[in-house]
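To start, the structure itself, in structure tokens.
Derivation of every value follows stated rules applied to the coordinates shown; laboratory data play no part. Values in this document were obtained by computation on a predicted structure and should not be read as measured data. Here the Cβ is made from the backbone with ideal geometry for all residues, glycine too, and neighbour counts use every protein chain on show.
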Amino acid sequence: MEQKNYKRITVTSALPYANGGVHIGHLAGVYVPADIYVRYLRLKKREVMFIGGSDEHGVPITVRARKEGITPQDVVDRYHKMIKDSFEEFGISFDIYSRTTSETHHKFAAEWFRKLYDEGKLVEETTAQLYDEEAKQFLADRYVTGECPHCHNEGAYGDQCEKCGRDLSPTELINPKSTISGSTPVMKETKNWYLPLNEYQEWLKRWILEEHKEWRPNVYGQCKSWLDMDLQPRAMTRDLDWGIPVPVEGADGKVLYVWFDAPIGYVSNTKELCEREPEKWGNWEKWWQDEDTRLVHFIGKDNIVFHCIIFPVMMKAWNEAQTTKRPNDQTTKRPNDQTAKYIMPDNVPANEFLNLENDKISTSRNWAVWLHEYLVDMPGKQDVLRYVLTANAPETKDNNFTWKDFQDRNNNELVAVYGNFVNRALQLTKKYWGGVVPACGPWLDVDRQAIDEFKDVKAKVETLLEQFKFRDAQFEAMNLARIGNKYITECEPWKVWKELSVKRSELRDVTSDAEQKSLNAQLSTLNERVETILNICLQLTANLAIAFEPFLPFSSKKLREMLNIESFEWEQLGSTDLLKAGHQLGEPALLFEKIEDEVIQKQLDKLEAMKKEQPTPLPSGGAGGGFKAFVPFEDFEKLDIRVGLVKDCQKVKKSKKLLQFTIDDGSGTDRTICSGIAAFYEKPEELIGRRILFVANFAPRQMMGIESQGMILSAVDFDESLSVVTTTKDVKPGSQVG
């Protein structure tokens, strides 16, 4: 899709749950890349608003409140402040960081729901859910515990088993119990209002699959997987006592679903800021309802569906509710802004997950590096973490954070490359010229080569940032320091200065005019050479202060102070005339400091203590026996398991083991898969017409001269008999399993 030249950009970052702190996974996935992008846009003098806030509704908050014996408001007040303060200290430069318990948000979200309700955009349905008769309330997923049907852990929750990692629904649990009263819940009917996603499926397909093929593969692919299946209506209300009350009659005891409520927080926070500073920001509508505004959501991959499907449908339904039809089909306009329509996200650069020391970050297991603790343990090292998280950004695949890598990148890159070059340039200038920028003389080939290498840094960094490739953009910024180190090492100004000192000594012993003239000429040449080398080094140093401004704002500010320059313009990046001859520099200091082993060991010891507090994993040889070792859930997510309709199945000639399946995989082209299960099916034709499960993304391989394009899933029973895994419902071929 061709990039439109927008007047302004609205940038949102996922609203963190106010039931705990922010950890490095959140930072790497959402907040650091969003902040880099916004800082870059501001440097480009673009009109941009950066919106953040705490998500303060939902079951996790009520669960924590009940555990601690306090109110949900107490919980969100505590963690909202912690998160907001941590972000500020870490340099995440929101224009507003508000909360979904604000009066502005409550009113705005309720009005949004009421508008959809009044215009018939929501569907009312009655379903059966678990109900605690003693507590007299319906039970959200986390208020139900029981035995996991998969690993038989007796402490599984209604949404997930923390031991085996399986996603669950409350009705799957064996012997479910209410965490509120301890009683056995019953099924009871309840009424809720649903957003009919199915009615917007074709629009979503056109908008995403045809108009936004430039989105990251993980975003586009996840959306496509959802849209390849039939979307179903999704409940926008819940039976809870914490949240925004549903603003319609007959909805007592019901609140807005957190994923209806939370994304509206982006808009209500914008409204709050615009009402607070109207002269600076104007009206909120221009940031959300003007076609000249670009909307960009920064999120983690677990929020893709909500930001690319559910929230857009909410906005689309609101847009449609702007007008109604009279009986004669003439359009009746609303009394407010009749043409206002919400804009759709132009890009959603979602990152993958960041692991910690080769293990999945888990808040429930307290396996994380928490930002508020890092800021205490590593004072003044905000930029070190920003640098490492960007260098390891999980932009295309899950990545890993280790404290050893953190130390290595600080010591071997920030200190030894960036800091080393800056320190040499500034210290030599102070030593030779009292910290005054020397004039630049004629360039030699080595000078031209260095300058040629960094003159296009601005174009490279800009291109990468516009493509949301923050890891590569930071690498290009660091390349300036590499160029500087290479240049100063090749030119060796200290050797030239030493030669200059020797010539000066010789001059004192020379008596003839001719020799004095010759030595003075040499002195002038040598002096001019040192000046030129250091001038170019200082220009490179100033360029580093600009190039790293979006990535390492604290270090860039410190470097500008050492250069005695209040600010630079982004458009100056790549210039060789940033510091004028005669300019007095500030006092040089170390830009970064080496991190010693004992500092890192303290962090490793802290993680080890966390690990000892974690629940014991399910042992091998449990129910059914012979369970394999645990693997990260992300490994399972890499598998593309689909439903296939068997159109033909026969034994492969000259093979005692293989069956050849011809299946309809939903793509329009039949797929061939060979499976070594012939011994278990005397009459393979019996499998024709069945819907089986297969792995679709294994590389094709040749088997008895036949290209097999996947793997059939089978189950081996305790008596060692084998059966192909089939579906029990009439599921469409190509449907994804997950």
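Some notes on this structure:
- Selected from PRO16, TRP433, GLN522, residue furthest toward positive end of dipole (the chain; charges at beta carbon): GLN522
- The H on the amide N of PHE401, modeled in the peptide plane, is under 5 Å from the matching H of ASN355, LEU356, GLU357, ASN358, each at least 5 residues off or on a different chain.
- Principal-axis analysis of the Cα atoms of the chain puts helix 470-491 at an angle of about 20° to the longest axis.
- Across the cross-link table entries LYS7/LYS557; LYS177/LYS301; LYS495/LYS580, which are compared at the Cα atoms, the separations over 27 Å belong to LYS7/LYS557; LYS177/LYS301.
- Based on DSSP H segments of at least four residues, each scored -39500 (n - 2.57), the chain has a per-residue ellipticity at 222 nm of -11500 deg cm²/dmol.
- Placing unit charges on the Cβ atoms of the charged side chains and taking the dipole of the chain about its Cα centre, the candidate lying farthest along the positive direction among HIS307, LEU465, LEU385 is LEU465.
- Whole-Hz ³J(HN,Hα) from phi, Karplus 6.51 cos²θ - 1.76 cosθ + 1.60, for the range 47-62, glycine and proline x: 7, 9, 10, 10, 10, x, x, 8, 8, 10, 10, x, 5, x, 6, 5
- Check: the chain dipole with +1 on Lys, Arg Cβ and -1 on Asp, Glu Cβ, in debye: 820
- Other-chain or far-sequence residues with amide H under 5 Å of ARG99's (modelled H): SER54
- Across the cross-link table entries LYS44/LYS107; LYS460/LYS486; LYS67/LYS606; LYS4/LYS280, which are compared at the Cα atoms, the separations over 29 Å belong to LYS44/LYS107.
- Acute angle (nearest 10 degrees) that the helix 493-509 long axis makes with the longest principal axis of the chain, alpha-carbon atoms: 10
- Reachable aspartates and glutamates from LYS286, criterion Cα separation under 20 angstrom, eight or more residues apart if same chain: GLU47, ASP95, GLU111, GLU272, GLU275, GLU277, GLU320, ASP337, ASP346
- Percent antiparallel among DSSP beta bridges (both partners in the chain, rounded to 5): 75
- Solitary cysteines of the chain, where the nearest other Cys Cβ is not under 4.7 Å: CYS223, CYS274, CYS308, CYS440, CYS491, CYS537, CYS649, CYS674
- Among the trypsin sites (Lys or Arg not before Pro) found in the range 494-603, those both in a DSSP coil and sparsely packed, with 14 or fewer other Cβ atoms within 10 Å of their Cβ, are LYS580, LYS594.
- Globularity index of the chain, i.e. its alpha-carbon radius of gyration over 2.2 N^0.38 Å: 1.17
- Taking the C-alpha atoms only, the angle from helix 72-90 to the longest principal axis of the chain is near 30 degrees.
- Amide H to amide H distances under 5 Å link ASP648 with THR662, where only residues 5 or more positions off or on other chains count and H is placed in the peptide plane.
- With N the number of residues in the range 394-450, Rg(Cα) / (2.2 N^0.38 Å) evaluates to 1.77.
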